[in-house]
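The values are calculated or read from the model by the stated rules, or taken from the named source; none is laboratory data. These numbers come from a predicted model, not from an experiment. In this analysis, Cβ positions are derived from the backbone assuming ideal geometry, glycine residues included, and neighbour counts consider all displayed protein chains.
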Amino acid sequence: MAGRAKSRGRRHRGETLTKVLFVLPAVVAMVALFGYPVVKNLLMSLQDYGLKTFFTGVAPFVGLKNYSTVVTDKLFSDAMVNTALFTVGSIAFQFAIGLGLALFFHKKFPLSGLLRSLLLLPWLLPLIVSSATWRSILEQDSGILNRTLMGLHLINDPVPWLNSPSVALIAVIGVNIWIGIPFNVTLLYSGLAEIPDELYEAGQLDGATGWRSFWYITWPNLRAVASVLLMLGVVYTIKVLDIILGLTGGGPANATQTLATQSYEKSFVDFRFGQGAALSNILIAISFVFAIFYLRGTRRAVDE
Amino acid sequence: MLRRTTYTVIGVLILCVMLFPVYWMLNASLQPSGNTLTAGFLPLHPTFSGYKRALDEQGGNLVTSMIIAAGTVVLSLAIATPCAYALSQFRSRWVSVGLLAILISQMIPGIVIANALYTAYERIGLLNSIPGLIVANCSSAIPFAILILRSFMLSVPPSLVEAARVDGAGLFRAFVAIVLPISKNSLITAGLFSFLFSWSDFLFALTLTTKGGVRPVTLGIYQYLGTQVQNWNAVMATAVLSAVPAIVLLIAAQKYIAAGAIGGAVK
């Protein structure tokens, strides 16, 4: 009797151990790939961590000097403004166009499903491939966009899409909008598909059709998906690097420089890792403010 | 009836506009002249010289990308699958902590990870190495795979595993013999996304390689772009070759993709 209880106890312990082994690799990976980098960045941002460090191994602590250096850099405010414009511009249009297309594809018509899945292609392409393609399209003299616009007599001179400081940011945002539309369509479409038809039938009896049914039925029921999508959009867009580096490299004259590209340049072009870390920590802090909204929006989905 | 056909026509037009850049990539890759100035809207005189150059110059990089992506799939699934099962079936107050950690992890910019990994890799000699890039790419693949697999495994009835365990199988054996086979579709979905993330990776390729030895094709394209581009047909041919996995994925697994995107993003 006692022996059986003992073996059951041992079996229970063995069981707990097996359960731990199920999650242990993932815990180790998450700590190594996320925990360590976040802590390491916090430390680096407080250190004079530069090229010399790789030879001497010495990185003296300098307090908040890296932060004050990057924040007072005259590029910082430009980068902040560019980041804000890039993020808000991208998301507003991705969302609006995505919603329009989701509503369109929500109507039942032949090939709707097939067309909707083909629409996903831009989202699945490697970002650097999209950047390269758009760069060829946007080329000032030989790009197909300028050639077409001039052929239609919509413009008289070729637009320097990527070469003019006043236009480049708009072009980069435009490309990012194109990349983000498919994801927005997919999520908003799934949100629309979950709204029960009965609501529309009931609404129709009350005279809610067209715009009224959108405002009183569709939009309120779509809000949960929309809020998650918008926060997710901010969190992803704010750190975009591939598109900007591939299209303009942050130029011309820093016109498309964002916090993310600046952080990259500080660390991997100038080898001032301390300053790069400080910039990326500012980036994390900004995403985190949005993350709080995001988590509030997704809490219900997680609880389900 | 007429109305529904009209919708289809409008849908096709929308698709043509949205996919024009993809078409243009293909078109430019087949144009005889490297200069897009003379490129027509149709490749009337197609040439494969761009592809020949792409394969000569970037063929090795394509193989490197392939190895890194395959390695990322294997490593990330091996780590994510048991964890996803645990998060879907084990009852523990740690489950919500784990899910929260995964959600927060997706908000950490890649540049933060690259900063830290660069200094660590420099010390342990993983810079310019395929294993180094595989590990770095797992940072995007693992959380996503856990979320996709978990949302599927929530629907695995616990009674199936219990039945196997009554027959004497241990927890791990029951997992391998029962849970993995039923989860096949979600494993394929998670694996395809892991492949695609890794195949598309540019940031880690850019920061964690410092010399030519290991160079994924995304970095190859970037280096083409770095110099004033003379031969767009070779660049676009490389772009087309790099787009192949996405296109294959879309054709082979289209019904899983939307579900996967939603599962990974929202749940």
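Values computed for the structure shown
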item	result
Checklist (1) at the interface with another protein chain (Cβ under 10 Å from one of its Cβ atoms); (2) more than 20 Å from A:Gln257 (Cβ to Cβ); (3) in contact (Cβ under 8 Å) with a residue 24 or more places away in the chain applied to A:Leu99, failing item	(1)
Qualifying positions in the stretch A:234-273 - surrounded by 24 or more Cβ atoms within 10 Å (Cβ to Cβ) and more than 17 Å from B:Leu203 (Cα to Cα)	A:Thr256
Pick from the stretch A:205-262, criterion of a type in the set (D, E, K, R) and modelled with pLDDT under 90, ranking: nearest to A:Thr133 (Cα to Cα)	A:Arg223
Flag if B:Val214 is away from every other protein chain (no Cβ under 12 Å) and farther than 30 Å from A:Lys19 by Cα	yes
Residue match in the stretch B:23-38 (condition: more than 24 Å from the chain's Cα centre (by Cα), crowded, with 19+ Cβ neighbours inside 10 Å, at pLDDT below 90 and facing chain A (nearest Cβ under 10 Å))	yes
Residues satisfying the stated conditions in the stretch A:228-262, i.e. in a loop (DSSP other than H, G, I, E, B), among the small types (Gly, Ala, Ser) and under 15 Å from A:Gly174 (Cβ atoms)	A:Ala255
Pair list, Cβ under 6 Å, 6 or more apart: the stretch B:107-118 residue in a loop (DSSP other than H, G, I, E, B), other residue among the β-branched types (Val, Ile, Thr)	B:Met107/A:Val235
Pick from the stretch A:205-220, criterion hydroxyl-bearing (Ser, Thr, Tyr) and in a helix (DSSP H, G or I), ranking: nearest to A:Leu103 (Cα to Cα)	A:Thr218
Helices (runs of 4 or more DSSP H) wholly inside the stretch B:132-233 containing at least 2 residues that are without any contact (Cβ under 8 Å) to a residue 12 or more places away in the chain	B:158-166, B:171-174, B:217-226
Pick from the stretch A:131-151, criterion under 25 Å from the mean Cα position of the chain (by Cα) and more than 7 Å from chain B (Cβ to nearest Cβ), ranking: farthest from A:Tyr189 (Cα to Cα)	A:Leu138
